[in-house]
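Notes follow once the structure below has been shown.
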Amino acid sequence: MSERADVGGVPPPAAEPVRGAPVTGGGKRGFKRRADARAGLALISPTLVIVLVMVVLPILWTVSLAFQQVRLLNIRNAGFFGDYTLANFQAIFTSEAFWSSLRTTLIYSVLGTAGAIGLGLIAALALRKPFRGRTLVRASMLLPYVTPIVAATFAWTTMLNPQFGIVNEWGQQYLGWDEPIAFLSQKSSEVSVFGVQFTVPVALLTVIVFEWWRSFPFAFLFLTARLAAAPATLEEAARVDGATLTQRFRYVILPQLMPTIAVLAVLRFIWTFNSFDDIYLLTGGGAGTDVVAVQVFYSLTARGDIGVAAAQALVLAAILAVFVGLYLRWFAPREELV
Amino acid sequence: MATDTQLDRPTPRPASAAPRRGLSRDAFENRLFAVLRWVVIAGLLVITVFPFYYTVLLSIRPLAEVLQNPGALWPADFSLDSYGTVLESPETGGQGFLLFIRNSALVAIGTVVFTLLVALPGAYAVSRLEFFGRRQVSALFLAVYLFPAILLAVPLFVFFTRIGLRGSLVGLLIVYVSQIVAVSIYMLRNYFDTIPVSLEEAAAIDGCTRLGVMRRISIPLALPAIMANALFVFMIAWNEFLFALLFLVETRDLWTVSLGLSQRAGSIEIPTTVLMAGSVIVTLPIVIIFFATERLLTEGLTAGAEKG
């Protein structure tokens, strides 16, 4: 096209006006700015339309649906406006199941987040100094995070299977377990340590450990990147001053990592709090692992109660927003996200 | 910090100088962590790699042997029958995963193409052009990225049921694109920001239009980032489970590999070894892509983290 000819070496016609720009002053620059603004809006508009139609509008619709009594059977009536009512929320808040599942969700996400970040930190520190094959080891660390969730949970459910899973087999053979442990279907178990009886929520603990395994690579990745950017001179100075390894970690490295850890805590908490796949695939929400996200799914599909599902999802999001808001207000150092 | 280091300074550091006092704290810690480090690395390798090894192991062992000796770490008998069974169509007694692979590939590749078509101009605009509402748009995209999928599940399920697109790959594709496009723009923008503006200005002075600059300068320069982004999007779409479950569970012919595997996993009639072969099949493309492009991907993912 004509552009091609221009690039081809003929004296560039555009050179003249650009060079003259300072002389003509604001008028030309204003023209360019307006052209930029138009081009910018034109280029961003497809994305904007998709996001508005497929994400923002549906969220608003969820709010509206949460205040209507809509079921999958009379889905034709599901609109934006309808007979608004608080019945869904009333049903949720008066149900013991919802409160208990909210408690489960909270335990799951707090312990899951903390463990994943802790494990990620340990991994990042252990792999900090170069050695032969470190690149390969680092890549392997990320495997649990990139693998399809269905494959990961299937490998775990098979390994933990009471009949032929390798964990129970080895536990009975080498660790002296009397009988196989139903890791994913047993709600709680009495364990005695030094004569003290504990009730251990077996299935919940198992899904939390799975969450550590699945998500620690995410923390590992970000902490490794941050460690690589930490200046060596600071640690060297501390070493010369006689600070030991643990002291250098506590007073030199950890303070530098804190902003990253804070961001990771927010991100992981948000994702774990809403996580559906992992628990649905591991336990189906049974045996004391019924997090709210799984409840939303069953309300929607098994019971076909759209109104209640929307209300549950909305309550989940509202609680999450409050937590994250409080956290950012009180704890988070200023770390740039955008 | 100051008090601590001051206190520690007088301790004699060379352990050999004071053998009666045993090791100094510094020497003790150095030795302890030198050992502990390798223990940790070995432990981490075992927990990350073992489930994958176990999956492959079961997929090549005959079922009878697995049931007889569940704790074995090495196949006594090697067979690829499980792969044949899992891939074959149901008419010939298989699980029909070949069809599921086709579905997954169609959705994933379609998602990559459409996401890039939409995200590339968008990322360029957010990075380069000063337009009204640019900051707000960036914030909106970040919010979408963080937004929980389960909240969107309800309205999208209802909406697609009503317009009759729920049991179709097209509906799934639209949902994927809409949810991935924001993070795609976020990643691509970070890369566009690193390309010097002077290159584009030079092209503009030589008479290139805005679109010409984009096509001839910016996109070719950003090609590595675009490739990484394409693979990243592919992985998300290939791995996705929730919406595939919500949209396609009733239409067996359209199941993705993930959905097929999860739906079959609960059934008693299908041998675990066969499903393990399916598990290898759904994981393999991801692991190959990942190891081939690990550096590209991790750099793209953490580009924002090194700022702070």
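The values are calculated or read from the model by the stated rules, or taken from the named source; none is laboratory data. No experiment lies behind these values; they were computed from the predicted model shown. Ideal geometry is used to build each Cβ from the backbone, glycine not excepted, and the neighbour counts take in all protein chains shown.
B:Leu188 fulfils the conditions (1) modelled with pLDDT of 85 or more; (2) over 16 Å from B:Leu245 (Cα atoms); (3) away from chain A (no Cβ under 12 Å) except for a single criterion, (3).
Listed here are the residues, each with its yes/no results for (1) surrounded by 21 or more Cβ atoms within 10 Å (Cβ to Cβ); (2) within 17 Å of B:Leu261 (Cα to Cα); (3) out of contact with any Phe, Trp or Tyr (no Cβ under 9 Å at 6 or more places or on another chain).
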site	(1), (2), (3)
B:Ser198	no, no, yes
B:Leu211	no, no, yes
B:Leu223	no, no, yes
B:Ile226	no, no, no
B:Val233	yes, no, no
B:Ala237	yes, yes, no
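Take the conditions (1) more than 10 Å from chain A (Cβ to nearest Cβ); (2) over 21 Å from A:Val51 (Cβ atoms); (3) part of a helix (DSSP H, G or I); B:Ile195 misses just one of them, which is (3). Taking first residues from segment B:256-273 that are surrounded by 20 or more Cβ atoms within 10 Å (Cβ to Cβ) and partners that are of a type in the set (D, E, K, R), the Cβ contacts under 8 Å between residues at least 6 apart in sequence or on separate chains come to B:Thr256/B:Glu240; B:Ser258/B:Glu240; B:Thr273/B:Arg61. B:Pro148 fulfils the conditions (1) touching a residue at least 40 places away in the same chain (Cβ under 8 Å); (2) facing chain A (nearest Cβ under 7 Å); (3) not aliphatic (A, V, I, L, M) except for a single criterion, (1). If the condition is being surrounded by 15 or more Cβ atoms within 10 Å (Cβ to Cβ) and either assigned by TED's automatic domain parsing to the domain that holds B:Arg252 or not in a helix (DSSP H, G or I) (or both), then segment B:41-78 contributes B:Arg61, B:Pro62, B:Pro70, B:Gly71, B:Pro75.
Conditions (1) among the aliphatic types (A, V, I, L, M); (2) over 23 Å from the mean Cα position of the chain (by Cα), marked per residue:
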{"position": "A:Gln247", "(1), (2)": "no, yes"}
{"position": "A:Ile261", "(1), (2)": "yes, no"}
{"position": "A:Leu264", "(1), (2)": "yes, no"}
{"position": "A:Asp277", "(1), (2)": "no, no"}
{"position": "A:Leu281", "(1), (2)": "yes, no"}
{"position": "A:Val296", "(1), (2)": "yes, no"}
{"position": "A:Arg303", "(1), (2)": "no, yes"}
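Reported count of residues in segment B:154-174, each being closer than 30 Å to B:Met214 by Cα and more than 7 Å from chain A (Cβ to nearest Cβ), is 2.
Listed conditions (1) buried (at least 19 other Cβ atoms within 10 Å of the Cβ); (2) within 7 Å of another protein chain (Cβ to nearest Cβ) are all met by B:Glu130, apart from (1).
Of all residues in segment A:44-61, those satisfying the criterion of being over 15 Å from B:Val175 (Cβ atoms), facing another protein chain (nearest Cβ under 8 Å) and either of a type in the set (A, V, I, L, M) or in contact (Cβ under 8 Å) with a residue 60 or more places away in the chain (or both) are A:Ile44, A:Leu48. Per the listing A:Leu125, A:Leu72, the residue uniquely modelled with pLDDT under 85 and not aromatic (Phe, Trp, Tyr) is A:Leu72.
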